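In what follows, a structure is listed as structure tokens, so that the remarks can point back to it.
Throughout, read-outs are computed from the coordinates displayed, never taken from laboratory work. Small disclaimer: the values here were computed from a predicted structure and weren't measured. Cβ placement follows ideal geometry from the backbone for every residue including glycine, while neighbour counts extend to all protein chains displayed.
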Amino acid sequence: MIDIERQVMAHAERLSVDIGPRPVASPGDRAAAGYIEGVFRGAELAVQRQTFSCPSWDHQETVLELAGRQLEATANWRSLPCDVTGAILPVGALDALAQADLEGQIALLHGELSQDEISNRASTVYYPNRHRKLNDLLDRKRPLAVIAVCPLLQSIRHVIKDPDMDIPSVTVSPHVGRELLRSAGAPARLRIAAARSEGQSCNLIGTRSGTRPERIVLCAHYDTVWDTPGAFDNASGVAVMLTLAQLLSSKSLSTGLEFVAFSAEEFGGQGADAYMAPYAGEHFPSRWDQPPGKWIEAWRPILAAINADGVGLELGANSITVISASQALEGMVDQIRTHYPSVARVGPWPASDHYTFYSHGVPSIPLGCSGGVANIHHQPIDTIDWLSSAKLAEAVSLIADLVDALQDKTSGWCRPSVAT
């Protein structure tokens, strides 16, 4: 019997400390894929690599100068290169942006325009109207470059995430943003030395057959955003999945298991697209409280997809929710959760790889985190010292109990009546 706490923490350490940042098509991404494949094979799973094309980016230097002084700035992932000089024009609201003349200027986005990460415009999972309006206005206004002010004091979180935005962009701290705001109208120079390219990444799929055709999908994404070790997001979820692969390797199960390590969850979902391609599936807008847009018949035997994304935070509580499931399955999850009183029951949330499944009618059970460290997400400070081995082990044990409880269940029992 493996020591769950020790093993799950060892996986998290290997991914976030030894390997570190894992943006798609990077050396870290490739190293993580190799490690995951090795663990899958060691657990005697049949392993498949799904390779796919994805955006890549080579960044050398970013320099922001104001009045002869250099200010700290970080280029947003996959920003276009530039060497431009223009007056700083602060804009803090959508209405102000609609009225602004940005031609030949450098736009300084603050206030409501930079309060959170601006989603990828190609996303079907999460792209709110406010983000759409902002991107559309920038497309029309055509500033020389965009400087976005991160609202966090302790560290920088890239505000603009669109890998295909055709305006050079950087993110700055509130302190730098305040200085730029007070220098409105003054000329600033921005140089970004970087190059866009196309790269490759892959999903890793490890499977073991049961004695019947039904199967359970256990998944987590291993990629990170740029410049973060990604311990919480999402070495934690991958560590839980890998530990489960080892824990269940010798257990007799009637239901098959499919372990999926997704890549590109942070950068447009190309990994999910690659996973769906053999089934002729596709992403489309869907909500958990509405019927799916299209069933994938080949997924009918999937009893549930259990996704771990951001678990084990020492100052937080592991959380669980259920989406696109029958009342019977919801009740089963709630009953199991009574044995884990520290795990919070939360409402449905869309923005991870379980979206791929519930949007096609597959019952989905996402595990995440409630509370904890508010600004750790997508940050350089997302390090392993924030993780708790006991809480990671709690997630492993909870999912193992779910797998056990599903062994005698049918697809019809797990899915809402509209899906049967």
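What order, most packed first, do the peptides 221-231, 194-204 have when packing is the mean number of other Cβ atoms within 10 Å of each residue?
Values: 221-231: 25.8, 194-204: 17.9.
For the peptides 221-231, 194-204, the packing ranking is 221-231, 194-204.
Which is farthest toward the positive dipole end of the chain among Leu406, Gly206, Leu80, measuring Cα position about the Cα centre, with Cβ charges +1 (Lys, Arg) and -1 (Asp, Glu)?
Of the options given, the answer is Leu406.
Let's see if you can work this out: charge +1 on each Lys and Arg Cβ, -1 on each Asp and Glu Cβ, no other charges. What is the dipole magnitude of the chain about its Cα centre, in debye to the nearest 20?
Values: 34 positive and 47 negative charges, 92 e Å.
The dipole of the chain has a size of about 440 debye.
Between Thr321, Phe262, Ser252, whose Cα lies farthest towards the positive end of the dipole of region 227-346 when Lys and Arg beta carbons carry +1 and Asp and Glu beta carbons carry -1, centred on the Cα centre?
Towards the positive end, the residue furthest out is Ser252.
Under 23 Å from the Cα of Lys161, which lysines turn up, not counting those fewer than eight places away in the same chain?
Lys133, Lys141
Under a Cβ-only charge scheme (Lys and Arg +1, Asp and Glu -1), can you give me the dipole magnitude of region 95-152 about the Cα centre, in debye to the nearest 20?
Numbers: 7 positive and 8 negative charges, 37 e Å.
Charge dipole of region 95-152: 180 debye, to the nearest 20.
Please compute P(r) over all alpha-carbon pairs of region 268-417, binned at 5 Å starting from zero, and give each bin as a whole-number percent.
2, 9, 18, 20, 19, 15, 11, 5, 1
In straight Cα distance, which aspartates and glutamates are under 13 Å from Lys391, not counting same-chain residues fewer than 8 positions off?
Answer for Lys391, where 13 Å is the Cα cut-off: Glu5, Glu314, listed by chain and number.
Based on alpha-carbon centroids, what's the gap between region 156-189 and region 380-401 in Å, whole number please?
35
Amide H neighbours of Ala194 under 5 Å, counting only residues 5+ apart in sequence or on other chains, H built in-plane at 1.01 Å?
Result for Ala194 returns Gln60, Cys82.
Given the peptides 31-37, 374-380, arrange them by the average over their residues of other C-beta atoms within 10 Å, most packed first. Before the final figure, lay out the partial values.
Working: 31-37: 20.4, 374-380: 17.9.
The densest-packed peptide leads the list: 31-37, 374-380.
Out of residues 5 or more away from Asn307 or on other chains, whose amide H comes under 5 Å of its own, with H placed 1.01 Å from N in the peptide plane?
Here the answer is Cys219, Ile365, Leu367, since their amide H atoms fall under 5 Å of that of Asn307.
Just grab the label-to-label distance for Arg6 and Ala280, each label 7 Å out from Cα along the Cβ direction, in nm (one decimal).
Modelled inter-label distance: 5.1 nm.
I'd like the antiparallel share, as a percent to the nearest 5, of DSSP beta bridges with both residues in the chain.
55
Take the alpha carbon atoms of region 110-141, find their center, do the same for region 88-108, and report the distance between the two centers in whole angstrom.
Distance between centres, Cα-based: 15 Å.
Per-residue HN-Hα couplings for region 406-414, Karplus 6.51 cos²θ - 1.76 cosθ + 1.60 at θ = phi - 60°, whole Hz, x for Gly and Pro?
These are the phi-based 3J(HN,Hα) values: 8, 4, 10, 8, 10, 4, x, 6, 7 Hz.
Please report how far the C-alpha centroid of region 205-263 lies from that of region 18-73, rounded to the nearest whole angstrom.
20
Which order, highest average first, do 308-320, 45-57, 11-23 follow once you tally other Cβ atoms within 10 Å for each residue and take the mean per peptide?
Numbers: 308-320: 23.7, 45-57: 17.2, 11-23: 21.9.
With the highest mean Cβ count within 10 Å placed first, the list reads 308-320, 11-23, 45-57.
If you plug each phi of region 235-246 into the Karplus form 6.51 cos²θ - 1.76 cosθ + 1.60 with θ = phi - 60°, what whole-Hz ³J(HN,Hα) values come out, in order, with x for Gly and Pro?
Values, residue by residue: 4, 4, x, 5, 4, 4, 4, 5, 5, 5, 4, 6 Hz.
How many nm is it between the label spots at Ala184 and Asp385, if each spot is 7 Å from the Cα in line with the beta carbon?
Placing both labels 7 Å beyond Cα along the Cβ direction yields 4.0 nm.
Under a plain spin-label model, where a point goes 7 Å from the Cα along Cα-to-Cβ, how far apart in nm are Ala122 and Arg345?
Taking the simple label geometry, Ala122 and Arg345 are separated by 3.9 nm.
Only helical DSSP H runs with n ≥ 4 go in: add -39500 (n - 2.57) per run for the chain, normalise by residue count and round the 222 nm mean residue ellipticity to 500 deg cm²/dmol. Could you put the intermediate results ahead of the total?
On the way: 11 runs with 110 residues, N = 420.
Rounded to the nearest 500, the figure is -7500 deg cm²/dmol.
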